[in-house]
Amino acid sequence: MQEEEFKWLLQEEVHAVLKQLQDILKEAAHRFALPASGSGGAIKQENFALGTSGTDQVKGVLTLQGDALCQADINLKMPRNNQLLHFAFREDKQWKLQQIQDARNHVNQAIYLLMNRDVNYQFKTGSEVLKLMDAVMLQLSRARNRLTTPATLTLPEIASSGLTKMFTPALPPDVLVNFYINLNKLCLTVYQLHVLQPSTTKNFKPAGGSILHNPGAMFEFGNQRYEVSHVHKVECVVPWLNDALVFFTVSLQLCQQLKDKISVFSSYWNYRPY
């Protein structure tokens with residue numbers, strides 16, 4: 001009886017689950033490049049308003065097109081003198097969000113692995129199915145981790161990033177910005193700096209890498225030493241990133257359930273390959 005049941009599992013149910021996984025992941029991949037209606041394949045532009053809770057130091061609108069930030073329009077109120085600064089991306093510039101690009105590539109890799117085992121493919125052993133599930137789960141975990149784990153950067157890395165050259169008018173030398181994805185949110189961090197006078201640098205301790213630096217963090221850049229005086233973090237929820245994360249979770253659960261079913265028969269199929 002077990003033998004029949006296991007044959008059925010390998011021949012029928014495995015393919016049913018693979019089909020289900022493919023459908024979910026194609027839906028997830030579709031979220032990463034939503035076509036604009038009636039535009040013949042162009043990707044939809046979406047605007048997101050940035051607002052902080054409590055303070056109004058930073059406000060703005062970000063325009064996202066798939067994995068590219070194609071416009072950022074930002075107003076910054078300087079706490080020291082209440083001066084209002086306004087800057088936006090130059091028309092010819094857009095900023096690629098590497099996290100979204102990488103996550104999409106991992107999803108496509110998972111889809112490719114599944115499509116390679118189409119409905120005509122005969123699985124011979126349980127271990128073959130387990131190997132496929134592990135490979136798919138690895139890609140899905142990597143996709144999820146890219147969205148849930150922003151890069152840790154040092155302040156000199158942020159200062160030297162191409163992002164600083166994207167704005168018009170140019171960012172003042174005492175302002176740094178960084179964009180990143182955290183789960184389903186697109187985040188903007190604005191750092192305001194003050195220059196450390198040579199006389200005060202005896203306690204100079206450069207900060208290491210971090211997702212978010214705190215006031216008081218010090219660094220050296222272009223033969224000048226700086227300290228972070230203010231940090232403003234604003235974010236907006238991107239609904240389709242939320243969808244993608246849900247699809248990843250559901251897919252990982254499906255993979256695990258199939259692995260568990262196969263493993264129930266493991267004592268049997270270790271001795272009896274088909």
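The values are calculated or read from the model by the stated rules, or taken from the named source; none is laboratory data. Fair warning: this is a prediction, and the values are worked out from it, not measured in the lab. Glycine also receives a Cβ, built like all others from the backbone with ideal geometry; neighbour counts cover every protein chain displayed. Ligands, DNA and RNA are excluded from the accessible area calculation, which covers all protein heavy atoms including side chains. Shrake-Rupley method; radii C 1.70, N 1.55, O 1.52, S 1.80 Å.
Between Q20 and E91, 0.36 nm times their residue separation minus their Cα-Cα distance comes to what?
Working: separation 71, 0.36 × 71 = 25.56 nm, distance 4.23 nm.
Contour length minus the Cα-Cα distance gives 21.3 nm.
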Please figure out what share of the DSSP beta bridges in region 174-218 is antiparallel and state it in percent, rounded to the nearest 5. 90 percent
Would you list which aspartates and glutamates come within 18 Å of K185, measuring only between C-alpha atoms, while excluding same-chain residues fewer than 8 positions from it? E46, D67, D73, D102, E235, D243
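Suppose a student asked you for the relative contact order of the chain, using Cα pairs under 8 Å spaced at least 6 residues apart; what percent would you report?
Working: 439 pairs, mean separation 55.2, N = 274.
That works out to 20 percent.
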Share of the chain's accessible area from carbon and sulfur, percent, 1.4 Å? 51 percent
Size of region 1-150 as Cα extents on the principal axes (Å, biggest first): 80, 36, 21
Considering the chain as a Gaussian network with a 10 Å cut-off on Cα pairs, which listed residue, Q192, Q122, Q101, attains the greatest mean-square fluctuation? Q122
With only alpha-carbon atoms counted, please give the Rg and Dmax of region 99-147, in Å. 12.2, 37
Note to self: with every protein chain in place and a 1.4 Å probe, region 98-206 gives an accessible area per residue in Å² of 48 Å²
Explain nothing, just compute: Karplus ³J(HN,Hα) = 6.51 cos²θ - 1.76 cosθ + 1.60, θ = phi - 60°, for every residue of region 223-229 in order, whole Hz, x for Gly and Pro. 6, 10, 9, 10, 10, 6, 9
Which of these, Q57, Q98, Q83, has the largest mean-square fluctuation under a Gaussian network model of the chain (Cα springs below 10 Å)? Q83
Gyration tensor (Cα only) of region 97-180 to equivalent ellipsoid, semi-axes in Å sorted down, yields 43, 12, 7
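Net charge near V190, counting Lys/Arg +1 and Asp/Glu -1 over other residues with Cβ under 15 Å of its Cβ? If you can, show how the numbers build up before the last one.
Working: positive: K59, K77, R80, K233; negative: D56, D73, D174, E235.
Within the 15 Å Cβ shell, the charges total 0.
Tell me the relative contact order for region 96-200 as a rounded percent, counting alpha carbon contacts under 8 Å between residues six or more apart. Don't jump to the answer; show the numbers that get you there.
On the way: 87 pairs, mean separation 27.8, N = 105.
Computed value for region 96-200: 26 percent relative contact order.
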Where Lys and Arg each count +1 and Asp and Glu each count -1, what net charge lies around L252 among other residues with Cβ under 12 Å from its Cβ? +2
Sorted largest first, extent of region 150-200 alpha carbons per principal axis (Å): 44, 26, 15
